[in-house]
1. Would you pick out the residues in region 217-235 that are surrounded by 18 or more Cβ atoms within 10 Å (Cβ to Cβ) and within 13 Å of the ligand (Cβ to nearest atom)?
2. Here's a check for you: in region 27-50, which residue that is of a type in the set (Ser, Thr, Tyr) and free of Cβ contacts under 8 Å to residues at least 60 places away in the same chain is nearest to the ligand (Cβ to nearest atom)?
3. Looking at region 236-270, which of the residues that are among the hydroxyl-bearing types (Ser, Thr, Tyr) and over 24 Å from Gly66 (Cα atoms) is farthest from the ligand (Cβ to nearest atom)?
4. Restricted to region 485-536, and to residues that are within 16 Å of Glu444 (Cβ to Cβ) and polar (S, T, N, Q), which residue is surrounded by the fewest Cβ atoms within 10 Å (Cβ to Cβ)?
5. Could you list, in sequence order, the residues of region 260-278 that are buried (at least 21 other Cβ atoms within 10 Å of the Cβ) and either touching a residue at least 40 places away in the same chain (Cβ under 8 Å) or basic (Lys, Arg) (or both)?
6. Identify, please: which residue in region 238-259 is assigned to a helix (DSSP H, G or I) and under 23 Å from the mean Cα position of the chain (by Cα) and is, among those, surrounded by the most Cβ atoms within 10 Å (Cβ to Cβ)?
7. What's the number of the condition Glu473 fails, among (1) surrounded by 14 or more Cβ atoms within 10 Å (Cβ to Cβ); (2) in a helix (DSSP H, G or I)?
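The values are calculated or read from the model by the stated rules, or taken from the named source; none is laboratory data. The shown structure was predicted, so the numbers you read here are calculated from the model rather than taken from an experiment. Note that each Cβ is placed from the backbone with ideal geometry, even for glycine, and that neighbours are counted across all protein chains shown.
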Amino acid sequence: MDFNKLAELLYPDSTLNIEDIEKKYKKRQLKEGACVTRLAPSPTGFVHLGNLFPAVTGERLAHQSGGVFYLRIEDTDQKREVEGAVEVLLKSLERYNILFDEGATPEGEKGEYGPYYQRQREQIYKAYAKKLIREGRAYPCFCSEQKLEEMRKEQEAKKENFGYYGKYAACSNLSFEEIEQNIKEGKSFVLRFRSNGDPQKTDSIVDLIKGKLEFSENDIDHVMLKSDGIPTYHFAHAVDDYLMGTTHVVRGEEWLSTLPFHVQLFRALNFPMPHYMHIAQLMKLDNGAKRKLSKRKDPEASLSYYYEQGFSSKSVMEYIMTLLNSNFEEWRIQNKNADINEFKFSSDKMSISGCLFDMDKLLDVSRNVISQMTAEELYEDAIKWAKDYDSDLYKKFTADKDLAISILSIGRGGEKPRKDIAKYNEINDYCAFFYDESFKKGEEYPENVSSEDRETILKSYLELYDESDSQEEWFLKIIELSEKLGFAPKTKLYKKNPELYKGHVGDVSMVLRVAVTGRKNSPDMYEIMKILGKQKVLDRISQAL
Ligand code: GLU
């Protein structure tokens, strides 16, 4: 058959030629070892937590090596497209400091390797498709959905592999005349790759995460262009990553099953093969069994969840890094205050099998990260979040910044900072008792303190309290009061001889804590009283009496 004629018959309107395309996409001038990576999401408006993994990996590899990280929008499936998705994506990633050097932007795009929206690249794909047709490596397939369904059923019944191959590839041997006739009749077609693979033979590539991957050669004639001329992921991947100069294709391991086809495509098109990095899927434990983190079932699968819940992006990033690189935690212990970007990210420290997502671990990491922030840092970050998600906290914090900062300063800055807060949506409750409008009178006093003693403690305290006392003086007064009432001045003493005392100094200060804060749990009472000020402390104690 005259394949040149076939190419013209199938795509007469496509006139772009490959030499012109390749002239435009010049080889990138980068220093030796610089990686060019990309994020290639579909614009569905949903950003999965899992997207953060290739995003962080791609960003780190590119920027650590002086390379380029770009954004390509895979908008070939118009049905799934959501308006404003690119903006949502960029905003979400920006919170994690993931910034692109080139690619799609909400207003258009920047960079010289575009268009970065796949739908605008239709003519480019067609040019390469025609090249493969001319070389006899692609052919039109007119099989109807129904016919393909019947084929599938037959394969199922005969326990044969699924797909369009060998004797099932009905259209692979159509003559030029038959094809011409079908087109005259207005029949629609998809363009299929003519595979020359033999599944009895094995092929392999080296994946930078998974190591050597061996697989059977692909013999399925997969679709390259759909009936509307739009490419499938596979074909677009080969053409785009080649033209855009991607050196490292970082993507989810769900693409491993079609990797043999991608390898064939690169070879057939005579493109140099990029390095592949297939990232393990994000799993969670559900009733003891591991399963994929699901967009439908798990709210925490969405990246927006973390922002809405008030997770600091620093915390999420620390946690993601612990999942991505097995030596990150160790590095962090040795480099407590270092910027996360000082960590040397490396592909050989990445997990080969599934990454297990553990919310408790994230909360733990997060408490730690927040405990290391200065009060000012935490204030600024929390207020940004509160503006969108907690109007009450926002009001309180903006009305009196100094007060907010002094509350957040309690127990911060020392060797062992307090770890009360894991996410910003806990701050309002944590601070509530400092504000009269959200203070709730305490009811639960320690059981071993009689009501007479409680009254005596509170009444005496009204007399004792002196705002100018140092912490030691303040505590000494509580100890003295405890002894006077028959409570042990030290917990240890009480534990040794409980029969000698009514309780210990902790019970006495608990009475004060419940009266002043309304709670049994709070940070340091001395600090709290200082912040509340004499009048409020005395008012609350009087109220409790
Ligand atoms: N659009 C594909 C996805 O969202 C991109 C995969 C890739 O990075 O190649 O899964």
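1. Pro231, Thr232, His234, Phe235
2. Pass one, region 27-50, residues of a type in the set (Ser, Thr, Tyr): 37, 42, 44.
If we keep only those that are free of Cβ contacts under 8 Å to residues at least 60 places away in the same chain as well, we get 42, 44.
On the way: Ser42: 5, Thr44: 9 Å.
So the residue we want is Ser42.
3. At the first step, the residues of region 236-270 found to be among the hydroxyl-bearing types (Ser, Thr, Tyr) are 242, 246-247, 257-258.
Then keep just the ones that are over 24 Å from Gly66 (Cα atoms); that gives 257-258.
Working: Ser257: 13, Thr258: 10 Å.
Checked region 236-270; the qualifying residue farthest from the ligand (Cβ to nearest atom) is Ser257.
4. Checked region 485-536; the qualifying residue surrounded by the fewest Cβ atoms within 10 Å (Cβ to Cβ) is Asn521.
5. If the condition is that a residue be buried (at least 21 other Cβ atoms within 10 Å of the Cβ) and either touching a residue at least 40 places away in the same chain (Cβ under 8 Å) or basic (Lys, Arg) (or both), then Pro260, Phe261, Val263, Gln264, Leu265, Tyr276, Met277, His278 are the ones that fit.
6. Just the residues of region 238-259 that are assigned to a helix (DSSP H, G or I), to begin with: 238-243, 253-259.
Adding the requirement that they be under 23 Å from the mean Cα position of the chain (by Cα) leaves 253-256.
Working: Glu253: 18, Glu254: 12, Trp255: 16, Leu256: 16.
In this case the residue turns out to be Glu253.
7. Of the numbered conditions (1) surrounded by 14 or more Cβ atoms within 10 Å (Cβ to Cβ); (2) in a helix (DSSP H, G or I), the odd one out for Glu473 is (1).
Conditions (1) under 22 Å from Arg38 (Cβ atoms); (2) aromatic (Phe, Trp, Tyr); (3) modelled with pLDDT under 95, marked per residue:
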site	(1), (2), (3)
Phe266	yes, yes, no
Glu300	no, no, yes
Glu318	no, no, no
Asn325	yes, no, yes
Gln334	no, no, no
Asn337	no, no, yes
